[in-house]
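The values are calculated or read from the model by the stated rules, or taken from the named source; none is laboratory data. All of these numbers come straight from a predicted model, not from anything done at the bench. As a convention, Cβ positions derive from the backbone with ideal geometry for all residues, glycine included, and neighbour counts pool all protein chains shown.
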Amino acid sequence: MMEKELTIGVILKPQGIRGELKVKPFTDFAEDFQGIKRVYIDGEERKVLSVRIGAGAVFLGIAGVPDRNAAELLRGQELKIPRSDAPEPEEGSYYIADLLDSELYFEEGEFLGKLTDIRQAATDIYTVQTAGGEVMFPAVKGLILKIDLENRKIVLDKKRYLEVAVL
């Protein structure tokens, strides 16, 4: 089942004295924030008043945050948007929220485990809960053979997995 909301970033800290927020984006491109008109913080809808991008961060002005003190209270909060506001991912790209809790199998049908986390890096790092514990691996080329969002199933190349996984 597709998530109703998508987490698009986390508030790092206040920026300046006028209530602007420094945000770590969870999107592929910080520029994606420029089209966002509203965000949800702790379930409350807030209108986006301004967006600046720089140094790998996004700087947001949002309604109801008039000064640095108000911005400080939001430190560490996640920014969410309704799924309906999000653009469709490009072919071969997926929202992390849609992949989490997928079951991972090798191409022969052998069950590996359940996807519990994806950390964004130069190459995304997948964390899988297996019968033997937690395993991490980079989503390198040739490893993921098929993603079936509807059935929450990801098929991996076993040989490639054994080359890159941190067991």
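Laid out as a table, the results:
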{"read-out": "Enumeration of residues in region 101-123 that are within 15 Å of the chain's Cα centre (by Cα) and surrounded by fewer than 16 Cβ atoms within 10 Å (Cβ to Cβ)", "value": "ASP101, THR116, ASP117, ARG119, GLN120, ALA121, ALA122, THR123"}
{"read-out": "Matching strands (runs of 3 or more DSSP E) fully within region 14-118 where at least 2 residues are aromatic (Phe, Trp, Tyr) and in the same structural domain as LYS141 (by TED's automatic domain parsing)", "value": "103-106"}
{"read-out": "Test result for GLU45, more than 22 Å from TYR94 (Cα to Cα) and not aliphatic (A, V, I, L, M)", "value": "yes"}
